[in-house]
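Any read-out appearing in this document is the output of simple, stated calculations on the displayed coordinates, not a laboratory observation. Note that the structure is predicted; figures quoted are calculated from it, not measured. Here the Cβ positions follow ideal geometry from the backbone for every residue, glycine too, while neighbour counts run over all protein chains shown.
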Ligand code: ZN
């Protein structure tokens, strides 16, 4: 879901399951209570009335027993639908602001069976998850779960094995931040998840799972996801940028980067329609050093979420398209008659040879070496958003 919404529910994610009797090819996607879990490619038969009632009971019970509803930002909901809503429902929910009223009226029109808890905003995500179809892109995440007796305690996931996995499973991503020593597989919350490995290929996620060493795994399951797809981003001109959207916008740098309190680095870009501030916040760590090297006149394509006040793009990645030439004076000009350096006549007054009196306006200059190059730069793994497409998936 749209990661910029300030009033988003706690997890800001949603899960959809298609339930029925499968047909044709099936693959193993997990293990729960020691039993294999399979997913079928085709649906042979939808649940009958009795099965439906049973499924509904399980969903309701699972949410009511497990949701952390004492957390102010946990507002779950579930939706049972026998018809998929239009893809646009998903697209709007990942990119814009969608009101609960709109979702509720859609659910009523579709004759959906649904229930929301507390402020009910979880219904927005639940509906949108059902509407999701991975048309352009998708990834997978293998999530392993902890034994219940360990919930809330420190997770034991061996970092060395995570690094080994990261190095040998090339289609996985956002595993480990070597510079900031951050194991990205492991969540921060006291939730039942032990770790999650994200990647492009199911076989490699299975291999990753066999490499990572950890406390004993209670169960695991493979999800199809929109993580790492940039689904939240939309290409915009500056004057059309709205708060809480995520955008791709091209412009030239019109205000050099400067650092504000807290270590955040800000710069300003401009296109034919306006100007907007862009920020690399402190948690983006070494990415700020790249941003600090930008100069007025550089042309960049900025990817990121839009903060409301002041309207600022929180940069997730940047594509540098043109680097302006910066020249610097290295020394005074040499007199062609005498072969000696001329003397400066004062600031901006030119130069004069002390021996023969010859004048020159031009000091010897050289092009200053830029420390950044044309192309993409992204925030480090430790600061990456779930939806952001890592550069290793773009190349
Ligand atoms: Zn001279």
Compute the helix-to-body angle for 159-168: its Cα long axis versus the longest principal axis of the chain, expressed 0 to 90° and rounded to tens.
80 degrees
Using only Cα atoms, what Kirkwood radius does the chain have, in angstroms?
24.6 Å
Gyration tensor (Cα only) of segment 27-183 to equivalent ellipsoid, semi-axes in Å sorted down, yields 32, 21, 20
Modelled FRET efficiency - R0 22 Å, residue 368 with residue 258, Cβ distances, 0.05 increments
0.70
Report the calculated FRET efficiency for residue 151 and residue 331 (r = Cβ-Cβ distance, R0 = 56 Å), to the nearest 0.05.
0.25
Work the Kirkwood hydrodynamic radius out for segment 1-119: mean of 1/r over every pair of different alpha-carbon atoms, inverted, in Å.
16.5 Å
Which value results for Rg/Rh of segment 237-395 when Rg is the Cα radius of gyration and Rh the Kirkwood radius based on the inverse mean 1/r?
1.18
Largest first and rounded to whole Å, the semi-axes √(5λ) derived from the alpha carbon gyration tensor of segment 139-225 read 19, 15, 11
Value of relative contact order over the chain, rounded to a whole percent, pairs C-alpha under 8 Å and six or more apart
13 percent
Treating the angle as unsigned and between 0 and 90°, give the value, to the nearest 10°, between the Cα long axis of helix 202-211 and the longest Cα principal axis of the chain.
90 degrees
Rg to Rh quotient for segment 316-364, alpha carbon positions, Kirkwood Rh
1.33
Quick check: convex hull over the Cα atoms of segment 227-281, volume per residue in Å³, rounded to an integer?
102 Å³
Run the simple label-point estimate for residue 31 and residue 99 please: 7 Å along Cα→C-beta, distance reported in nm.
5.0 nm
What full-extension length gain, to one decimal in nm, is calculated for residue 361 and residue 65 as 0.36 nm per residue of separation minus the Cα-Cα distance?
98.5 nm
Efficiency of FRET between residue 7 and residue 168 - r from beta-carbon atoms, R0 56 angstrom, step 0.05
0.85
Here the gain from full extension of residue 240 to residue 347, 0.36 nm per residue of separation minus their alpha-carbon distance, amounts to 34.0 nm
Tilt, helix 100-109 to longest principal axis of the chain (alpha-carbon atoms), in degrees rounded to tens, equals 40 degrees
√(5λ) per eigenvalue of the Cα gyration tensor, segment 254-315, largest first, Å
17, 14, 10
